[in-house]
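Working notes, beginning with the structure itself.
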Amino acid sequence: MIGFFETHSYLIAQIFGFAAMGTAILTYQFNKQKTVNLLLMLVAALWSGHYAFLGLFTPIVMNVVNVVRAGVYSLRQEKKWANAKWIPAAFCVASAALLAISWENLWSLLPAVASIFASVANWQTDTRKLRALTVPVCVCWLAYNLVNRSIAGACNETFTLVSIAVAFFRYDRKKPPEEKEKEKAL
């Protein structure tokens, strides 16, 4: 049985990765912030499995941080302590500290930087800031995934960047005055 997993680890990794990507896409179809964060916990756990089968330690550790972070962020509306301003800073510090423990090579910086940006991005209630802060998260993960042959990871980050670009075009760009007037009329 162990031989099967060793022989097919790359394929199994991609299955975990595409399952994570599919769950992430599904996540944003829910309205409740708590549901979204709980599903993000599952997404991060699936990404941990993906990177485990690729034999990459740093992204496993950073995704464990993501699991805990999504769990804490899911409590923001229910628990006063979970809404404390120091919470995202604590996750940034944890990501940096765990990088020191999980260091594999210079590429290890990318998942850690992505985790730090994600800690700040996912804290945002302003969706424009969330999208803007998610761009460096995606760029870091995209580069890391390309270097480490993670097809699912590269596809996920590309899809997310395209989605952010579409959202930026739809919601965040400066609109000409006549277009603003047309939207007001609707």
Q. So what are the ³J(HN,Hα) numbers for region 149-164, from phi and the Karplus equation (6.51, -1.76, 1.60; θ = phi - 60°), rounded to whole Hz, Gly and Pro as x?
A. 6, 8, 4, 4, x, 5, 4, 4, 5, 5, 4, 5, 4, 5, 4, 5
Q: May I ask you to sort Trp47, Trp103, Trp123, Trp141 by Cβ crowding, counting other Cβ atoms within 10 Å and putting the fewest first?
A: Trp103, Trp123, Trp141, Trp47
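Give the calculated FRET efficiency between Tyr10 and Ile101 to the nearest 0.05, with a Förster radius of 22 Å applied to their Cβ-Cβ distance. List each step's numbers first, then the result.
Details: r = 26 Å, r/R0 = 1.17.
Efficiency at R0 = 22 Å is approximately 0.30.
Full-extension gain between Asn83 and Ala132, please, as 0.36 nm times their residue separation minus the C-alpha to C-alpha distance.
Working: separation 49, 0.36 × 49 = 17.64 nm, distance 2.16 nm.
Once the chain is fully extended between Asn83 and Ala132, it gains 15.5 nm.
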Q) Based on the alpha-carbon gyration tensor of region 8-83 and its eigenvalue square roots a ≥ b ≥ c, which shape applies: rounded if a/c is under 1.5, prolate if not and a/b is larger than b/c, or oblate? A) oblate
Q.
I'm spelling it out carefully: the read-out is Rg and Dmax of the Cα atoms in Å, the candidates are (i) 16.2, 57; (ii) 16.9, 50; (iii) 17.8, 65, and one was derived from this structure. Which label?
A. (iii)
Q: Please report, in debye to the nearest 20, how large the charge dipole of region 2-185 is about its Cα centre when each Lys and Arg carries +1 at its beta carbon and each Asp and Glu carries -1 there.
A: 760
Q: Check the chain and count each lysine pair with an alpha-carbon distance under 28 angstrom, considering only pairs eight or more places apart or from different chains.
A: 20
Q. What percent do you get for the relative contact order of region 77-179 when only Cα pairs under 8 Å and 6+ apart count?
A. 20
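Take the alpha carbon gyration tensor of region 87-132, find the square roots of its eigenvalues, order them as a ≥ b ≥ c, and report rounded if a/c is under 1.5; if not, report prolate when a/b exceeds b/c, else oblate. If you can, show how the numbers build up before the last one.
Numbers: a/c = 5.63, a/b = 1.92, b/c = 2.93.
Judged from the Cα gyration tensor, region 87-132 comes out oblate (a/c at least 1.5, b/c at or above a/b).
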Q | Two-site label geometry, Leu146 and Phe169: point separation in nm, points 7 Å out along Cα→Cβ | A | 2.1
Q | 10 Å Cβ shell holding at most 11 others, DSSP loop, trypsin sites (Lys or Arg not before Pro): longest site-free stretch of the chain | A | 86-172
Q) What 222 nm value per residue comes from the helices of the chain, counting each DSSP H run with n ≥ 4 as -39,500 (n - 2.57) and dividing by all residues, nearest 500 deg cm²/dmol? A) -25000 deg cm²/dmol
Q.
Which residue, Ala24, Ile12, Leu56, has the largest displacement toward the positive end of the dipole of the chain when charges sit on each Cβ (Lys, Arg +1; Asp, Glu -1)?
A. Ala24
Q | Among 35-42, 86-93, the order from most to least packed when residues are scored by Cβ within 10 Å on average | A | 35-42, 86-93
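We did not get these values from a lab; they are worked out from the coordinates using the rules stated. Nothing here was measured: the structure is a model prediction, and the numbers come from that model. Please note: Cβ atoms are built from the backbone with ideal geometry, for glycine as well, and neighbour counts cover all protein chains shown.
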